[in-house]
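Beneath this line is the structure, given in structure tokens, with notes to follow.
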Amino acid sequence: MSLLEDSLSRLVPVLLSLCLTLGSVQSQGSSQDAFILQYLERRLSQMEERLSQCEQSTSSVTQKTYDLSSEVRTYLSSLSVLRSEVRTQVDGVSVRVDRMERELEYLENKMPTQSDIEMEEALLEQQIKAAELDQLKKKAKIIVENDCSTALTQIKSLKIVKKAGDTHGSWFKDPSGQSAKVYLLSGVRNDTLLEYVSLQSFSERTTSSSAKVVKLPSHWQGTGHVVYNGFLYYHKADTPNQILKVDLSNSTVVDNTLLQGAGRLPVYSLNPDTYLDLAVDELGLWVIHADPEYGGNLVITKLDKVSLAVEYTWDTQCRSHDAEGAFLICGTLYVVYNTRYGGRSTIQCLYDIHDTIHSNESPVLFFPKRYTSHSSIHYHPGDKQLYAWDDGYQTIYRVETRRNVQVAAE
């Protein structure tokens, strides 16, 4: 019995150890399976997400491909239209080229011979000579039909009427008929004219209470304006050489002209804002301007007062340098000079279209003492007076003339 007990006592611990070992093995196997299952589930979830992303990317690419295909179809349609238009234009150009070839062939067949060309050149020379003769006849017509025998001898006296407006400006009367109206244009750029019924009305203390205010259709440039037969003639601002003719009864432009070659430099160096100086004398309407191609000397142009057509142009030897103004009497230009510091004005140069009065034979004429320098001087052939603008003072000079014996004898 003891041997059996001894064997059992040894076997029991072994059996107990085996049972514990089997339980531990079973417990470890079940935990590994759970870990593997969790791992597989995570992998499957990740694969599902990636498949979903692939589906979305595939759908986006498919949509972009469809949009691109639509754009390509649109471009192809436009290209087809352009190709059709180009083909049409090429066909039109081809037709025009064929037509030009036919016309060139026709012109080659009709090309004049050398003798015909020489005859045409001779005819052109005759036409040029006829035009020059016509100009000379026109000049002679001005001299003969509008003959004046008056020459300036002295600027007799000075009368200051009033002081009104800006430092620079112009004032004058309408020399046509028996008009007594007085006109004032203040400044070198403006669009408002003051019209007075008489010199007495103008000389009143108030500047514009008795004046009619006329609004012009555009601004003027400089101080070289005139009124003639109820029309205002002036240089239009912001243009080099455009002259406007404005009906003062309704402020409308009735005509205009471009004076070729004028407006490239000031007509008088002491009045740098005036490029065209209009004047009126016994012969009619004139424009005085300076020509840079003629050494900056003054040029006088006779205009038709109705159409503003150029009747004739004379180049003078009178310089624009140190000149402050000029005026005409019976077709003779008298140029007034001064210094840039101001002082007593003098007439040192004249030009007579009749070629009977010459500067070297005439004495220097002095203006009466006054303030500074003139910004405008206008001659009135009826009053035999000069209407001048002197540093804002409206001034009248009375002039004396004599009969030019040479002109009278002719």
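The values are calculated or read from the model by the stated rules, or taken from the named source; none is laboratory data. Fair warning: this is a prediction, and the values are worked out from it, not measured in the lab. Cβ: placed from backbone, ideal geometry, glycine included. Neighbour counts: every protein chain shown.
Look through segment 306-323, keep the residues that are buried (at least 18 other Cβ atoms within 10 Å of the Cβ) and within 27 Å of the chain's Cα centre (by Cα), and return whichever of them is farthest from residue 264 (Cα to Cα).
308
Just one of 138, 156 is at pLDDT below 90, of a type outside the set (A, V, I, L, M), closer than 27 Å to residue 275 by Cα and touching a strand residue (DSSP E or B) at 6+ places or on another chain (Cβ under 7 Å); which is it? If you could, list the steps in order and put the result at the bottom.
Details: 156 fails: closer than 27 Å to residue 275 by Cα.
After applying the criteria, what remains is 138.
If residue 376 passes every condition in (1) within 31 Å of the chain's Cα centre (by Cα); (2) over 23 Å from residue 186 (Cα atoms); (3) of a type in the set (S, T, N, Q) but one, which one does it miss?
Failing condition for residue 376: (2).
Name the one entry in 17, 31 that is modelled with pLDDT under 85 and surrounded by 10 or more Cβ atoms within 10 Å (Cβ to Cβ). Let's see the steps before the verdict.
Details: 31 fails: surrounded by 10 or more Cβ atoms within 10 Å (Cβ to Cβ).
Result of the check over 17, 31: 17.
With 222, 263 as the choices, which residue is within 30 Å of residue 340 (Cα to Cα) and either exposed (fewer than 14 other Cβ atoms within 10 Å of the Cβ) or modelled with pLDDT of 95 or more (or both)?
Working: 263 fails: either exposed (fewer than 14 other Cβ atoms within 10 Å of the Cβ) or modelled with pLDDT of 95 or more (or both).
Going through 222, 263 in turn, just one is within 30 Å of residue 340 (Cα to Cα) and either exposed (fewer than 14 other Cβ atoms within 10 Å of the Cβ) or modelled with pLDDT of 95 or more (or both): 222.
Would you pick out the residues in segment 364-373 that are touching a Ser or Thr at 6+ places or on another chain (Cβ under 8 Å) and either surrounded by fewer than 16 Cβ atoms within 10 Å (Cβ to Cβ) or farther than 16 Å from residue 188 by Cβ (or both)? Spell out how you get there, then give the answer.
Taking segment 364-373 first, the residues touching a Ser or Thr at 6+ places or on another chain (Cβ under 8 Å) are 364-368, 370, 373.
Result: 364, 365, 366, 367, 368, 370.
Considering each of 246, 197, 213 in turn, give the residue that is surrounded by 16 or more Cβ atoms within 10 Å (Cβ to Cβ) and of a type in the set (Val, Ile, Thr).
Numbers: 197 fails: surrounded by 16 or more Cβ atoms within 10 Å (Cβ to Cβ); 213 fails: surrounded by 16 or more Cβ atoms within 10 Å (Cβ to Cβ).
That would be 246, the only listed residue that is surrounded by 16 or more Cβ atoms within 10 Å (Cβ to Cβ) and of a type in the set (Val, Ile, Thr).
Within segment 214-236, which residues are closer than 18 Å to residue 249 by Cα, among the β-branched types (Val, Ile, Thr) and in contact with a His (Cβ under 9 Å, 6 or more places away or on another chain)?
Correct list: 226 only.
Under 7 Å between Cβ atoms, at least 6 apart or on separate chains: pull out the pairs that start in segment 150-164 with a residue that is in contact (Cβ under 8 Å) with a residue 24 or more places away in the chain and end on any residue that is among the basic types (Lys, Arg) and not in a strand (DSSP E or B).
Partner pairs satisfying both residue conditions: 158/370.
Would you point out which residue out of 115, 94 is modelled with pLDDT under 85, surrounded by fewer than 10 Cβ atoms within 10 Å (Cβ to Cβ) and either not in a helix (DSSP H, G or I) or not hydrophobic (A, V, I, L, M, F, W, C) (or both)? I'd like the intermediate steps shown before the answer.
On the way: 94 fails: surrounded by fewer than 10 Cβ atoms within 10 Å (Cβ to Cβ).
None of the others qualify; the one that does is 115.
Please go through (1) farther than 22 Å from residue 349 by Cα; (2) modelled with pLDDT of 95 or more; (3) not aliphatic (A, V, I, L, M) for residue 301 and return the number of the only condition it doesn't satisfy.
Condition (1) is where residue 301 drops out.
Scan (1) touching a residue at least 60 places away in the same chain (Cβ under 8 Å); (2) under 24 Å from residue 272 (Cβ atoms); (3) assigned to a strand (DSSP E or B) for the single condition residue 311 breaks and write down its number.
(2)
From (1) touching a residue at least 40 places away in the same chain (Cβ under 8 Å); (2) closer than 30 Å to residue 349 by Cβ; (3) in a loop (DSSP other than H, G, I, E, B), pick out the condition that doesn't hold for residue 239.
Only one criterion in (1) touching a residue at least 40 places away in the same chain (Cβ under 8 Å); (2) closer than 30 Å to residue 349 by Cβ; (3) in a loop (DSSP other than H, G, I, E, B) is unmet by residue 239, namely (1).
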